[in-house]
1. How far apart, in nanometres, would the label points at Ala173 and Glu41 be if each is projected 7 angstrom from Cα along the Cα-to-Cβ direction?
2. Between Ser15 and Val73, what length in nm is gained on full extension when 0.36 nm per residue of separation is reduced by their alpha carbon distance?
3. Kindly express, to the nearest 10 degrees and within the range 0 to 90, the angle between helix 189-198's C-alpha long axis and the longest C-alpha principal axis of the chain.
4. List, in order, the whole-Hz ³J(HN,Hα) value for each residue of region 12-24 obtained from phi through the Karplus relation with A = 6.51, B = -1.76, C = 1.60 and θ = phi - 60°; use x for Gly and Pro.
5. How much FRET efficiency would the formula 1/(1 + (r/R0)^6) give for Phe84 and Ala180, where r is the Cβ-Cβ distance and R0 is 35 Å, rounded to 0.05?
6. Distance from a point 7 Å along Cα→Cβ of Val163 to each backbone N in region 6-48: keep the residues under 15 Å and list them by number.
7. Give me Val24, Val186 ranked fewest to most by other Cβ atoms within 10 Å of their Cβ, as a rough exposure proxy.
8. Rounded to a whole number, what is D in µm²/s for the chain from Stokes-Einstein with the Kirkwood radius over alpha-carbon pairs (25 °C, 0.890 mPa s)?
Amino acid sequence: MTNTSAFDAPLTIDSDAVLIVIDVQKGFEDHAFWGERDNPEAEQRIGELIDVWEATGRPIVTVQHASAGGPLVPGTPGYELKDFVAAARSDLHITKQVNSAFYGTPDLHDWLQQRGARQVVITGIITNVCNETTARMAGNLGYDAIFPADAMHAFDMTGPDGVTVPAAELARATSTVLHAMRFAKVVDTGTVVAAAAAGRPAAAGAR
């Protein structure tokens, strides 16, 4: 899990902090399949993070989920990244078939280690599935994981008891666990953007 002293310190964004944009794909707009979502401003917040990372020259990783069925099957319109992410600079593009971005191709952990990067900022879809799984793994692997919880969204889900839990409650539970167990520092987008803008940009040619 994240080092306690780093977790409790005021947020700073490293000059080489990596923004990981997970599964921002058109297929998640199929609400007949996924159900109701929370946080209608998620895409705007994700865009704000991308903008500051591009402006400061920090590295961006995009991740795309390839499903065997449903709206995210390769070769279908739903598989494609949403336009604002597809248009962004990507220093590494990962394709995965499971929840964690660390289990994809190319290997994210290897790439981060080669760069000497220690801080990752996780954004995208779905809050309590791929984002949370990636954040837990990042914390376990020793990264300083930052989780801007308003730059992502969840969907309503039905449990084994047949009770449907609203997306906002699931998202809140994710933030609670990540915070309480020190997997990641849970913050808001504005805090990350301000810290990234205030920090020293990556040196020219660092990518």
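Quick note: the coordinates plus some simple rules give every number you see, no bench work behind them. All figures in this text were calculated on a predicted structure; none of them were measured in a lab. Please note: Cβ atoms are built from the backbone with ideal geometry, for glycine as well, and neighbour counts cover all protein chains shown.
1. It works out to 2.5 nm between the two label points.
2. On the way: separation 58, 0.36 × 58 = 20.88 nm, distance 3.56 nm.
Full-extension gain reported as 17.3 nm.
3. It is inclined by approximately 20 degrees.
4. 10, 10, 4, 5, 10, 4, 9, 8, 10, 9, 9, 6, 7
5. Details: r = 33 Å, r/R0 = 0.94.
Efficiency at R0 = 35 Å is approximately 0.60.
6. Flagged as within label range: none.
7. Numbers: Val24 25, Val186 18.
Ascending number of Cβ neighbours within 10 Å: Val186, Val24.
8. Details: Rh = 17.0 Å.
Using the Kirkwood radius from Cα pairs, D works out to 144 µm²/s.
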